[in-house]
Structure formats: structure tokens, C-alpha cells
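First up is the structure itself, then whatever we jot down about it.
Rule-based calculations on the coordinates, nothing more; no lab input. In this text the structure is predicted, and so the values were computed from the model without any measurement. Positions of Cβ are generated from backbone atoms using ideal geometry, with glycine treated the same way; all protein chains shown enter the neighbour counts.
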Amino acid sequence: MSLLLTGNSASLSEEELDEYSDGTVKLRNSNIELMDQDILYHLALGSESHDLQEMFGDVKFVCMGGTPKRMENFAHFIMNEIGYKLPAGTQLQDISAYSYRYSMYKVGPVLCVSHGMGTPSVSILMHEMIKLMYHAKCKDPVFIRIGTCGGIGVDGGTVIITEDALDGQLRNSHEFTILGKTIHRPAKLDKKLARELKSLASPDDPYDTIIGKTLCTNDFYEGQGRLDGAFCDFSENEKMDYLEKLRENGVVNIEMESTIFAALTHHAGIKAAVVCVALLNRLNGDQVNAPKEVMNEWQARPQILVSRYIRKVLTHNGQLKSLFGHQGSIKSPRRFKLVQQESQAHE
Ligand SMILES: O=P(O)(O)O[C@H]1O[C@H](CO)[C@@H](O)[C@H]1O
Ligand SMILES: O=c1cc[nH]c(=O)[nH]1
């Protein structure tokens, strides 16, 4: 059985899902199968207008991050890392350009997609990406968010792999309001994948890579206890008490997408991870004021880690050589810079 569809998300246990699993992505929504076509409106794709299996059937890694530019840079970077060659005379294209919402680049088995900021933006994208995986019959895709965050007690430039994603009340779940009712879905990420990513940090990396809990908020300013928003009704002491409480609870960073990302991938049975770089240590301040060049270099760090993982999996599957002709070379921060410069030259 390749597909298991149900309109009732509570009716399938994890064991039942596993039992029927052939690696393809299951939709917990029987309505989709009954529709003549499924328009993935925000991706500018559709199940009838496009041959989604032909276009995306080979996708193994879905990498997401907030900005279109970051994901375009990552597409160029990973293309070099896995030695993927575009057909002669062609360039990387933004597949979702005409949605004017998200950007999407495909580099062989790697999809690089921008998700915007915050839960609503990621949620819409996740629904459509999960349906894309279903229509394309992708097998065992892994979703990874490559992001930025505020660190708690860690220096700017530290790479943080999320162990558990917590909501504003430190619950390891995401709260949804559906038909006026509040429900929670577990915000579970794949712990084994998190450990594997951590193992790919090199002692030669000139920065730390750590695993810890991530707080996910609905706002960058008041929601993250900043004193520098347009409004602030709390004192600096109250802010510091809050950040210390987070630290006591094992929280090492704050961002704005991890719980919805974890909850929806987990609900779809998709393995997922979140890797962010800290742009500042929130115990020292609120303003993001590192120089642009420094921040660009920091933002490359999660991408380097994720590229090591992708290379490792493809090498293990014998795909790196057979699919792309050569092994590509390795993953140094310097290489990333060169690829970034090349990609900027293409603008
Ligand atoms: O850098 P990205 O991935 O966009 O994510 C972080 O940056 C944004 C805030 O500046 C939020 O979306 C937060 O989660
Ligand atoms: O402090 C920060 C930095 C980046 N992203 C966030 O959500 N918070």
C-alpha cells in the first residue's frame, strides 16, 4: 500500500503509520485524493498543471530558511558541495518565482526553499511542501530548517541544533486554533538526526556547535523580551529574570518557527531538524548589530553543517559519485565564501 489517507488525524497510531510505511509521505487528509487537482497556490505549482513526480520525485532533502537570498546562496553552495552539474547553458531558477511569496531552488535531490518569518508564513509553506512531497511520491524526505536566532548565554556565531522546540509557555508542542478549538500537536524533532548533525561539527571549526532547547515565539520584540521594540511594558530586571528562567530550563536560543516546523513534520511522519546560528547573546543585549560581513559569515555556518550531512547521506547511498559524476570537494568556510561571491555575481 503506497498511500494511507484519513480525514481523522487522531485515528492513526504511530505504529499503524509505520506498519504501512513505504517511505512515501502520507497525508492525513482524505479530501486531497478526491480532488481533480490540487493547486499549491503559494508555490505556483499544481498537481495537474505540473508533473510533480517528474519534477520533484528524486527530492531527499528539503532545506528551509527565512530569506530567499539565504536559500539561493545555499542552493549554489550545495550544488558545489555535491558536485551537481546543471544542464549546459542553464542556470538555477526560482521555481516559485511567480508565486511572489516564497522562493524555491532545486539542486538534484536538494530543495532549497524560503519560508518567511513566523508561524503563519511557515505553516502555509509546510502544508504545501508536505503535499508536494506526497504528490511527487518522494521517499523518506528529510526537512531541515537553516535559520538564525538569538542565543541565551552563547556567543554570536555559535551554531545551535534544536533538541526540543518549546512554545512561549515552555511547552514542547505547538498550539493550533482549528474550527475555533484549541489543540496541541507535539513539536517533536528527530533526536537521532540532531545527534548526527552534531557529530558532523569539526574540531577545526572556529566556532562552537551545540545542541539545546529552542524557544519559539510569535514576535521578535516584546515576544522575545526585548527592551527595544516600539512598546515595552516590562523592566530590564524583569527581562533578565525571564531570560535566566529560560536558561535554567535548558533553553539556549530563541527564534520564531521551530514549534510549527516540528509539529507539522512530526504530524506528517517526516524526519526533521532545526539548525540556527546565534546572531547575538541576548544576555548581553537586544540589538542585532554585528557587521554585515560578520553576519553573512555566521549565516554560512549552519549551511556548512547541513551540507556535510547531505554529502554524508549521499555518499552512504552511493549517490554522490554515480548521480553527479564527481565527488565535489569539501566544505570549508572559505569555499562557502567563494560560492557566495559567485552566486552574487549571477544577480
Ligand atoms: O533567520 P530566519 O530563519 O529567518 O529566522 C529568524 O529570523 C527572523 C527574525 O529576524 C525570525 O523568522 C527568526 O526565526
Ligand atoms: O534575537 C533573534 C535573532 C534572530 N532571530 C530571532 O528570532 N531572534
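Along the axis of the charge dipole computed for the stretch 196-323 (Cβ charges of +1 for Lys and Arg, -1 for Asp and Glu, origin at the Cα centre), the listed residues VAL252, GLY212, ASN317 are led at the positive end by ASN317. Loop sites by DSSP among the chymotrypsin sites (Phe, Trp or Tyr not before Pro) of the chain, restricted to those with at most 13 other Cβ atoms within 10 angstrom, leave 101-230 as the longest stretch without any of them. Computed on the stretch 32-321, the Cα convex hull volume stands at 148 Å³ per residue. Sorted on the mean count of surrounding Cβ atoms within 10 Å across their residues, most packed first, peptides 197-204, 273-280, 31-38 read 273-280, 197-204, 31-38.
Modelled spin labels at ARG247 and ASP22, positioned 7 Å past Cα toward Cβ, are 5.3 nm from each other. Between GLU196 and ASP36, the distance separating the two model label sites (each 7 Å from Cα on the Cα→Cβ line) works out to 4.2 nm. Here the contact order of the chain, divided by its residue count and restricted to Cα pairs under 8 Å and six or more residues apart, works out to 22 percent.
Here the Karplus curve 6.51 cos²θ - 1.76 cosθ + 1.60, taken at θ = phi - 60°, turns the phi angles of the stretch 205-215 into couplings of 4, x, 7, 8, 10, 10, 10, x, 7, 10, 8 Hz, with x standing for Gly and Pro.
Under 18 Å from a point placed 7 Å out from the Cα of CYS232 along the Cα-to-Cβ direction: which residues of the stretch 138-158 have their backbone N that close? Flagged as within label range: 150-153. Cross-link check: pairs LYS26/LYS131; LYS69/LYS131; LYS60/LYS106 evaluated at a Cα-Cα cut-off of 19 Å; pairs beyond the cut-off: LYS69/LYS131. For the stretch 92-105, backbone phi angles converted through the Karplus equation (6.51, -1.76, 1.60; θ = phi - 60°) give residue-by-residue couplings of 4, 10, 7, 5, 9, 3, 7, 7, 6, 10, 10, 10, 9, 10 Hz, Gly and Pro being listed as x.
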